[in-house]
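Participant: Here's a structure for you.
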Amino acid sequence: MMLARRAYESLSQIPMTVVSGLFLAASLALLLGGVVVRVDPAWASVVISGLPLLGAALRGIVYERRIASALLISIAMAASVCIGEVFAADFRDRVVHHLLFNYLNPVLDARFIYDSYSCRTGKGTLFGIRRLQHHLRGCSQNHTQPCYVMKMDIEGYFMQMNRTLLYRLLCRQLEKPHAHWQAVPVDLILYLSEKTIFDDPTDHCIFKTPRSSWDGLPPSKSLFHSPPDCGLPIGNLTSQLFSNLYLHELDRYISYHLGCHRYGRYVDDFYLLHREPGQLLEWRAAIEAFLKEKLHLRAHPKKFYLQHYSKGVAFLGAVVYPWHSVVGRRVRANFRNAAPDKKADYRSVFMHHNNYRLFEKIMKYE
């Protein structure tokens, strides 16, 4: 007991920064030696140092010296699925992402249009579906008048976002007066935002899946094929916020310049409603030109949809009809292929879309 107490007293006299530095040195040695371990010693530094080390990182010591884009800010490849690559940021990087989000979101979210549904408090996929139903009723005057729906998508959106343009758009938002900016360190926000936006995870990522997982993945869905100075990693909290900011320019253009008041968007998937299909086609040409000239993006040529609303509108995992909505094909396929202990998680999804009997039927016979 006395020996343990003496050891504790001796260790307690060592500055925590020294202990933290030892773990960082061990992590760096493993990195330079090409040794891959399941637990990076840098994690111990995070636990030991806590907020003081984080404060040092925020002041620029860690980020400015770029101690390891693959050490402290290492980004691991988590998965490659149908939507493309997913990068999982390291723990310390995620702390900074949350800090940035908490600083920026209160102001930026209030400036976004109401019908932007992705990654916003009180909204989401179900809210977007309900808003589409609302717009359908309004455009058709409660289903008594003709109404047409045009859906569009952006090709490789996250991989094609121009980082320089994104940073310029963010600076423009920070320059606009707001009481919130008086209570936060704007210089620190700009500094961390610049480091986050211009960081290229492909330079220092650690692959967690075989390279064969990329076979068949379209180049437009991979950061490894993105043009220079383009692309944000899917998986970062800040990427979701910045994606809304980037397309906020498109939202404003459609809502105010084109004058389309029945419009909604979830990430890069958006719809427009009007009684005349010819007007929608005119808007399509204007939107494609705006995306190309102002945002350096390209509308997906194969994901264009224009037809009468009575035929159903596929949006956010559901098919919306004049009087009801049903679960989309992909969700139903995922439900059938889900593990037995996960199938019950789909109950609420089917209940929201007039498909509960189908849910019970599948559960009964499987």
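The values are calculated or read from the model by the stated rules, or taken from the named source; none is laboratory data. Quantities reported herein were computed from a predicted structural model and do not represent experimental measurements. A quick note on method: Cβ atoms are made from the backbone with ideal geometry, for glycine too, and the neighbour counts reach across all protein chains shown. The protein model used for the area step is the full one, side chains on, heavy atoms only, and it has no ligands, DNA or RNA in it. Shrake-Rupley method; radii C 1.70, N 1.55, O 1.52, S 1.80 Å.
Participant: Identify, from the list LEU132, LEU126, the residue that is open to solvent by less than 30 Å² (accessible area, probe 1.4 Å), in a helix (DSSP H, G or I) and among the aliphatic types (A, V, I, L, M). If you could, list the steps in order and put the result at the bottom.
Facilitator: On the way: LEU126 fails: open to solvent by less than 30 Å² (accessible area, probe 1.4 Å).
The match here is LEU132.
Participant: Next up: (1) modelled with pLDDT of 80 or more; (2) within 16 Å of the chain's Cα centre (by Cα); (3) not in a helix (DSSP H, G or I): which one isn't true of ARG94, the others all being true?
Facilitator: Failed condition: (3).
Participant: Additional query: Scan TYR103, TYR148, TYR117 and give me the residue that is under 20 Å from TYR305 (Cβ atoms), open to solvent by 30 Å² or more (accessible area, probe 1.4 Å) and touching a residue at least 40 places away in the same chain (Cβ under 8 Å). Step through it out loud before you land on a result.
Facilitator: Values: TYR103 fails: under 20 Å from TYR305 (Cβ atoms); TYR117 fails: open to solvent by 30 Å² or more (accessible area, probe 1.4 Å).
Just one listed residue meets the conditions, TYR148.
Participant: A further question follows. Kindly provide the set of residues from segment 298-357 that are open to solvent by 70 Å² or more (accessible area, probe 1.4 Å), touching a residue at least 12 places away in the same chain (Cβ under 8 Å) and closer than 19 Å to HIS134 by Cα, ordered by number.
Facilitator: TRP323, HIS324, HIS352, ASN354
Participant: Pick out, from segment 184-282, the strands (runs of 3 or more DSSP E) lying fully within it that include 1 or more residues that are closer than 22 Å to PHE304 by Cα and aliphatic (A, V, I, L, M). Step through it out loud before you land on a result.
Facilitator: Numbers: elements: 205-207, 263-266, 269-274.
By residue number, 269-274.
Participant: Does LEU136 satisfy being touching a residue at least 60 places away in the same chain (Cβ under 8 Å) and closer than 24 Å to ASP187 by Cβ? Don't jump to the end; show me each part of the working.
Facilitator: On the way: touching a residue at least 60 places away in the same chain (Cβ under 8 Å): yes; closer than 24 Å to ASP187 by Cβ: no.
It is false that LEU136 is touching a residue at least 60 places away in the same chain (Cβ under 8 Å) and closer than 24 Å to ASP187 by Cβ.
Participant: Out of TYR253, TYR263, TYR321, TYR309, which single residue is modelled with pLDDT of 90 or more and under 21 Å from HIS352 (Cβ atoms)?
Facilitator: Values: TYR253 fails: under 21 Å from HIS352 (Cβ atoms); TYR263 fails: under 21 Å from HIS352 (Cβ atoms); TYR321 fails: modelled with pLDDT of 90 or more.
Just a single option satisfies the conditions, and that option is TYR309.
Participant: Within segment 189-207, is there a residue that is closer than 16 Å to VAL107 by Cβ and either of a type in the set (D, E, K, R) or surrounded by fewer than 16 Cβ atoms within 10 Å (Cβ to Cβ) (or both)? Explain how you work it out, then say what you get.
Facilitator: Going through segment 189-207, the residues closer than 16 Å to VAL107 by Cβ turn out to be 189-190, 192-193.
Checking the rest, the ones that are also either of a type in the set (D, E, K, R) or surrounded by fewer than 16 Cβ atoms within 10 Å (Cβ to Cβ) (or both) come to 190.
Yes; the residues of segment 189-207 include at least one that is closer than 16 Å to VAL107 by Cβ and either of a type in the set (D, E, K, R) or surrounded by fewer than 16 Cβ atoms within 10 Å (Cβ to Cβ) (or both).
Participant: Take the conditions touching a residue at least 60 places away in the same chain (Cβ under 8 Å), polar (S, T, N, Q) and under 13 Å from GLU85 (Cβ atoms) and apply them to THR209. Does it pass?
Facilitator: Numbers: touching a residue at least 60 places away in the same chain (Cβ under 8 Å): yes; polar (S, T, N, Q): yes; under 13 Å from GLU85 (Cβ atoms): yes.
It is true that THR209 is touching a residue at least 60 places away in the same chain (Cβ under 8 Å), polar (S, T, N, Q) and under 13 Å from GLU85 (Cβ atoms).
Participant: While we're looking at this one, here's another question. With respect to ARG211, determine if the residue is more than 25 Å from ALA110 (Cβ to Cβ), in contact with a Ser or Thr (Cβ under 9 Å, 6 or more places away or on another chain), exposed (fewer than 15 other Cβ atoms within 10 Å of the Cβ) and of a type in the set (D, E, K, R).
Facilitator: On the way: more than 25 Å from ALA110 (Cβ to Cβ): yes; in contact with a Ser or Thr (Cβ under 9 Å, 6 or more places away or on another chain): no; exposed (fewer than 15 other Cβ atoms within 10 Å of the Cβ): yes; of a type in the set (D, E, K, R): yes.
It is false that ARG211 is more than 25 Å from ALA110 (Cβ to Cβ), in contact with a Ser or Thr (Cβ under 9 Å, 6 or more places away or on another chain), exposed (fewer than 15 other Cβ atoms within 10 Å of the Cβ) and of a type in the set (D, E, K, R).
Participant: Could you check, for segment 255-264, whether at least one of its residues is in contact with a Leu (Cβ under 7 Å, 6 or more places away or on another chain) and either without any contact (Cβ under 8 Å) to a residue 12 or more places away in the chain or open to solvent by 60 Å² or more (accessible area, probe 1.4 Å) (or both)? Give the derivation first.
Facilitator: In the first step, residues of segment 255-264 are kept if they are in contact with a Leu (Cβ under 7 Å, 6 or more places away or on another chain); the result is 260, 262-264.
Narrowing further to those that are either without any contact (Cβ under 8 Å) to a residue 12 or more places away in the chain or open to solvent by 60 Å² or more (accessible area, probe 1.4 Å) (or both): 262.
Yes: one or more hits.
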